[in-house]
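Only the coordinates and a few stated rules stand behind these numbers; no lab work does. Source: prediction; values computed, not measured. Backbone-built Cβ (ideal geometry, glycine too); neighbour counts: all protein chains shown.
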Ligand SMILES: Cc1cc2nc3c(=O)[nH]c(=O)nc-3n(C[C@H](O)[C@H](O)[C@H](O)COP(=O)(O)OP(=O)(O)OC[C@H]3O[C@@H](n4cnc5c(N)ncnc54)[C@H](O)[C@@H]3O)c2cc1C
Ligand code: SF4
């Protein structure tokens, strides 16, 4: 521990963000880096509290608390405080394959369970993580690692999101010959076509993919397994297969008027926006420009749609959430070290507030119907307010509040109400068993009902977080390595 009194003397420094009024005019990253001096000070705030809850990585009341890959946070905090950046990087690399992603967009469950956060703002863990990896790249400390010994075993990974990439990285380092298949034209999964550029610049993703290629991993893009290559062919040609196909089947809202033009799923909207940015920077076909936009769904995906609509020049933006607004402070049933369920303005909401003067989220509201204009285009939404209450079985239910019906103008509607699992044609071809869109494979073992076929990431656990995808990618690699060689020496995260 560098400075025993650091947490008493030094205040937390919040992430530095570009001004909302400025950043909504471009798609560049909205956060800025801390200086080395600031990082050193922030590292000094770590108490080295002996039982570091920041890396417990477990679910408490349905939300992650602590770091799911058990990053060695107090160790690298201390090394950053002492200016030993290279050593900090080596510690970070022991547990995290891709800190440049998590250091930018992880919701940082580590900070919610930081011991300092019991009665003070948490250590700025996520920003320190980002600073370490960014410095590593800048200084040229991160170079392709040579794999000295090849086992002769082959592994096919379907899907190039963070789970597939982490599994590929681990298995390649263990000496297996790894090929990643991806149906998109670019590798990265939701890192590439999901999370918008202002949160995670795409150069950061391609830099990592280039590194993995240089280390010997093959990427075959524009190739859908189950369509372009059959499941049987894949099983015949490889010693093992890992399905990391994500959970991108969108949940629909089949209400009156759903067939109207101008109603789109969030992923279609976000993918098109990033595609047009990367391809020719022209206006995407689905655009918010000059329109009243309503995003249905109060989660992070919805917030990314709000931020995208702001940049496209929407006339107005509203985001509908079924849940009531969160409290301003932790409540009695949400105490430390659980993830704090408290009201906050996401980057997108700060931007919308700057332009429209208020938080654009409408809480406890349900859309009852889409109202169509003469040409079949959506024109408005018909809604009613909801009340959350416990029923006689003690379960929370939502009841409509009479007399609260409203009509909201909208020429563009984005549906962002979650995902129903991985797409089924692929699973049917493999004969893989699944439950509610999630592949049946036990955590820790990851094998499916089909010999030699494993599953990890959102395809197995449902839509989650990048840090969980990395956790599962690392863990499935251990299982596959053991399957191929009878034993594994790959490091395990050992999370239940
Ligand atoms: C809009 C959005 C924003 C998000 N923001 C954040 C965030 O800020 N922070 C965070 O921690 N998490 C965020 N998440 C969640 C996070 O991105 C996911 O949990 C994570 O990417 C899951 O990784 P994965 O590898 O399991 O799957 P994915 O990233 O979904 O990758 C799956 C890949 O498999 C490919 N694929 C599917 N089927 C086939 C097939 N048959 N053949 C070939 N390829 C196939 C897909 O094209 C895709 O590239 C966000 C999610 C969304 C939707
Ligand atoms: S990966 Fe996420 S939870 Fe883990 S240390 Fe980084 S920000 Fe925290």
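So the values come out like this:
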| item | result |
| --- | --- |
| Rounded if a/c under 1.5, otherwise prolate or oblate - the range 34-161, Cα gyration tensor axes | oblate |
| Order by protection proxy (mean Cβ within 10 Å, highest first), peptides 341-349, 141-149 | 341-349, 141-149 |
| Separation in nanometres of the label points that stand 7 Å from Cα toward Cβ, at residue 251 and residue 315 | 3.1 |
| Estimated [θ] at 222 nm from DSSP helical runs (n ≥ 4, -39500 (n - 2.57)) normalised by residues in the chain, nearest 500 | -9500 deg cm²/dmol |
| Pairwise label distance in nanometres, residue 390 with residue 213, each label 7 Å out on the Cα-Cβ vector | 5.7 |
| FRET E, pair residue 490, residue 224, Förster distance 22 Å, beta-carbon r, rounded to 0.05 | 0.15 |
| Exposure proxy ranking, count of Cβ atoms within 10 Å, fewest first, for 447, 489, 479 | 489, 447, 479 |
| Ranked packing of 400-406, 50-56, most packed first, by mean Cβ within 10 Å | 50-56, 400-406 |
| Packing rank of 413-421, 13-21, where each peptide gets the mean count of other beta carbons within 10 Å, highest leading | 413-421, 13-21 |
| Net length gained if the chain between residue 17 and residue 201 were fully extended (0.36 nm per residue, minus Cα distance) | 64.8 nm |
| Nearest-0.05 FRET efficiency for residue 61 and residue 277, computed from C-beta distance (R0 25 Å) | 0.10 |
| Residues 478, 305 arranged by fewest to most Cβ contacts within 10 Å | 478, 305 |
| Three-way shape label, the chain, alpha-carbon gyration tensor, a/c 1.5 | oblate |
| Radius of gyration and maximum dimension Dmax of the range 263-415, Cα, Å | 17.1, 57 |
| Cα-projected label distance for residue 86 with residue 406, points at 7 Å along beta-carbon direction, nm | 5.9 |
